[in-house]
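J.: Here's a structure for you.
The values are calculated or read from the model by the stated rules, or taken from the named source; none is laboratory data. Given the structure is predicted, the values throughout are model-derived calculations rather than measurements. As a convention, Cβ positions derive from the backbone with ideal geometry for all residues, glycine included, and neighbour counts pool all protein chains shown. The accessibility values were calculated without ligands, DNA or RNA, using every heavy atom of the protein model including side chains. Shrake-Rupley method; radii C 1.70, N 1.55, O 1.52, S 1.80 Å.
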Amino acid sequence: MNLKDRLIRIQSALPPAVRLIAVSKTQPLEAIQDAYHSGQRLFGENKPQELVAKAGQLPADIQWHLIGHLQTNKVKMVLPYVSMIHSMDSDRLLIQIDKEAARIGKRIDCLLQFHIATEETKFGLNLPEAEELLQSEAYSALHNIRICGVMGMASFSDDSELVLSEFLELKDIFLQLKQKFFSENENFKELSMGMSGDYLLAIQAGSTLVRVGSAIFGSRF
Ligand SMILES: *Cc1c(COP(=O)(O)O)cnc(C)c1O
């Protein structure tokens with residue numbers, strides 16, 4: 001199967017409420033152009049430098065999602081090119097993004113990243129940390145950030161019960177935050193979860209944004 005067929009097969013398996021982010025990290029421009037010409041407009045990158053370099057060379061109607069960790073010193077570089085940041089996980093980052101977004105006159109959509117996997121190494125908040133952040137004075141002073149939901153990565157595991165339970169945990173976190181902080185806010189609606197190996201489970205648990213790389217592009221270089 002070629003890229004276009006893989007893309008269409010995945011697209012057609014998604015319920016209408018779920019959007020596909022084609023994760024193009026490490027993939028060459030030609031592969032992204034192929035996906036673009038098959039109608040794909042949402043792309044995800046995990047490194048700010050790579051996102052900026054690619055965005056500069058590809059059509060302007062691509063929406064770039066930053067799905068990897070963002071250091072505060074990279075905010076300025078990436079912000080003009082990015083339409084959503086999935087990896088918000090500290091008040092320092094929130095403040096830096098808001099400041100830079102205000103400077104360039106942009107409103108930026110962000111997701112709070114949660115740590116739901118059993119692995120130690122992944123970034124992300126837990127629920128008490130997120131609540132503390134959302135109750136902070138620093139947060140209430142921000143004007144150029146729109147928090148649109150949550151993001152998480154499940155354990156890298158063949159145990160589908162474990163993976164599903166982690167996605168359901170993220171869904172539960174989403175619902176708790178929605179009720180407590182965003183009940184009047186219709187922008188807070190996204191659950192970014194699910195990758196090539198587990199996006200069908202993520203959809204079962206209520207995902208609205210799946211981030212799929214290798215199942216579209218083949219394995220990474
Ligand atoms: C690489 C990556 C993906 C996509 O991974 P695949 O297994 O290739 O689908 C999704 N989310 C994040 C955060 C990633 O870094």
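J.: Would you check if residue 27 is modelled with pLDDT of 95 or more, among the polar types (S, T, N, Q) and surrounded by fewer than 16 Cβ atoms within 10 Å (Cβ to Cβ)?
T.: On the way: modelled with pLDDT of 95 or more: yes; among the polar types (S, T, N, Q): yes; surrounded by fewer than 16 Cβ atoms within 10 Å (Cβ to Cβ): no.
No: the conditions fail for residue 27.
J.: Okay, next question. What tally of residues in the stretch 156-165 results from selecting those that are within 13 Å of the ligand (Cβ to nearest atom) and crowded, with 16+ Cβ neighbours inside 10 Å?
T.: 1
J.: Give the stretch 39-61 a look and list any residue that's under 18 Å from residue 18 (Cα atoms) and more than 16 Å from the ligand (Cβ to nearest atom), or say none.
T.: Taking the stretch 39-61 as the starting set, the residues that turn out to be under 18 Å from residue 18 (Cα atoms) are 39-44.
Those that are under 18 Å from residue 18 (Cα atoms) and more than 16 Å from the ligand (Cβ to nearest atom): 39, 41.
J.: Now a separate question. Going residue by residue through the stretch 45-60, is there one that turns out to be buried (at least 17 other Cβ atoms within 10 Å of the Cβ) and within 20 Å of residue 149 (Cα to Cα)?
T.: yes
J.: Show the residue pairs meeting these rules: Cβ distance below 6 Å; 6+ apart or different chains; first residue within the stretch 107-136 and touching a residue at least 60 places away in the same chain (Cβ under 8 Å); second residue of a type in the set (Gly, Ala, Ser).
T.: 111/149; 111/192; 112/130
J.: Could you tell me how many of the residues in the stretch 7-24 are of a type in the set (S, T, N, Q) and open to solvent by 10 Å² or more (accessible area, probe 1.4 Å)? Talk me through it step by step, then tell me what you get.
T.: Residues of the stretch 7-24 that are of a type in the set (S, T, N, Q), as a first pass: 11-12, 24.
If we keep only those that are open to solvent by 10 Å² or more (accessible area, probe 1.4 Å) too, we end up with 11-12.
Counting residues in the stretch 7-24 that are of a type in the set (S, T, N, Q) and open to solvent by 10 Å² or more (accessible area, probe 1.4 Å) gives 2.
J.: Now for a different question. So which residues in the stretch 171-221 are loosely packed, with under 13 Cβ neighbours inside 10 Å, in a loop (DSSP other than H, G, I, E, B) and more than 16 Å from the ligand (Cβ to nearest atom)?
T.: Result: 183, 184, 185, 186, 187.
J.: Could you list, in sequence order, the residues of the stretch 52-85 that are of a type in the set (S, T, N, Q) and under 21 Å from residue 99 (Cβ atoms)?
T.: Initially, the stretch 52-85 is screened for residues of a type in the set (S, T, N, Q), giving 57, 63, 71-73, 83.
Passing the criteria: 71, 72, 73, 83.
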